[in-house]
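Bear in mind that the values in this text are calculations on the coordinates, not laboratory data. Source: prediction; values computed, not measured. Virtual Cβ from ideal backbone geometry, glycine too; neighbours counted across all protein chains shown.
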Ligand code: CA
């Protein structure tokens, strides 16, 4: 849908990714910027919500690290405004371990979130995984070797176009939600553990992140309907549409 930048062809892995950091706390902003620069990324920092929206629309960053609590407009509103103009992968930083905040964040178009305090190592790992997912999405969209769509019950997943329909209606998913759905739907009626989903979708081996999986499953259920993904308490999730 975003045809603003020609993602076709092979831009090459050498082009550094641009990451926009929107964070009003100077020590955190500086620490993040230094660490991401050290990873070889181009980094720009905005210190409030409106400046963040302006910078996002001007820079068209490959990803954003966005604090929720910001002066002016908050991170949720920043996400809404940016996603309305141009789809951008967003890793949201939340101050509290508050699932409502996370779900609203995922609902307005953030791809992933981390709860403060976090380690820079984890931030880098999450961002790398996010950029890989976005990369895979871009490659899939331009690949002539289209994989056949996956159809399970009312759900049709077009892996080449990265589009999902339920009962003929298109459902818009973020790259993270899409990969999570493909993992589950690729093995219907099979329970996948949260640890496995975390490792496969997030490339994140530390099981401390399993609540991330739970939040994204909730976001998927909100978009696709509550009856497709079964929770196996204490274990994981299984894709089991009623009509399949
Ligand atoms: Ca803040």
* Return one number: the angle in degrees, 0 to 90 and rounded to the nearest 10, between the long axis of the Cα atoms of helix 175-185 and the longest principal axis of the Cα atoms of the chain. => 20 degrees
* **Of 188, 89, 117, the one that fluctuates the most in a GNM where the chain has Cα springs shorter than 10 Å** => 117
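Kindly put 221, 159 in sequence by how many other C-beta atoms sit within 10 Å of each C-beta, fewest to most.
Working: 221 14, 159 17.
Fewest to most other Cβ atoms nearby, the residues stand as 221, 159.
Name the shape class, rounded, prolate or oblate, that the alpha-carbon gyration tensor gives for the stretch 142-239, where a ≥ b ≥ c are the square roots of its eigenvalues, rounded holds for a/c under 1.5, and otherwise prolate holds if a/b is larger than b/c and oblate otherwise.
Prolate shape, in that a/c is at least 1.5 and a/b is the bigger ratio.
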* To do: Would you look at the GNM of the chain, springs on alpha carbons closer than 10 Å, and say which of 67, 54, 227 moves the most?
  => 227
* To do: Using only Cα atoms, tell me the angle between helix 26-38 and the longest principal axis of the chain; keep it within 0 to 90° and round to the nearest 10.
  => 70 degrees
* Asked: If you line up the long axis of helix 120-142 against the longest principal axis of the chain, both from Cα atoms, how many degrees apart are they, to the nearest 10?
  -> 60 degrees
* To the nearest whole percent, what portion of all C-alpha pairs in the chain is separated by more than 34 angstrom? -> 14 percent
* Could you tell me, in Å, what Rg and Dmax come out for the Cα atoms of the stretch 6-139? => 13.8, 41
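Given the -39500 (n - 2.57) contribution per DSSP H run of 4+ residues, what per-residue ellipticity at 222 nm results for the chain, rounded to the nearest 500 deg cm²/dmol?
Numbers: 8 runs with 102 residues, N = 244.
Theoretical 222 nm ellipticity from helices: -13000 deg cm²/dmol.
Relative contact order for the chain: what percent, with Cα pairs under 8 Å and sequence separation of 6 or more? Let's see the in-between values first.
Working: 392 pairs, mean separation 32.2, N = 244.
Result for the chain is 13 percent.
Report the full-extension gain for the segment residue 167 to residue 37: residue separation times 0.36 nm, less the Cα-Cα distance, to one decimal in nm. Write out the running numbers ahead of the final one.
Numbers: separation 130, 0.36 × 130 = 46.80 nm, distance 4.50 nm.
Taking residue 167 through residue 37 to full extension adds about 42.3 nm, to one decimal.
What percent antiparallel are the DSSP beta bridges of the chain, to the nearest 5? Present the calculation step by step, with values, prior to reporting the outcome.
Values: 16 of 33 bridges.
If I count the DSSP bridges inside the chain, around 50 percent turn out antiparallel.
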* **Most mobile listed residue (156, 201, 22) in the chain, GNM with C-alpha springs under 10 Å** => 156
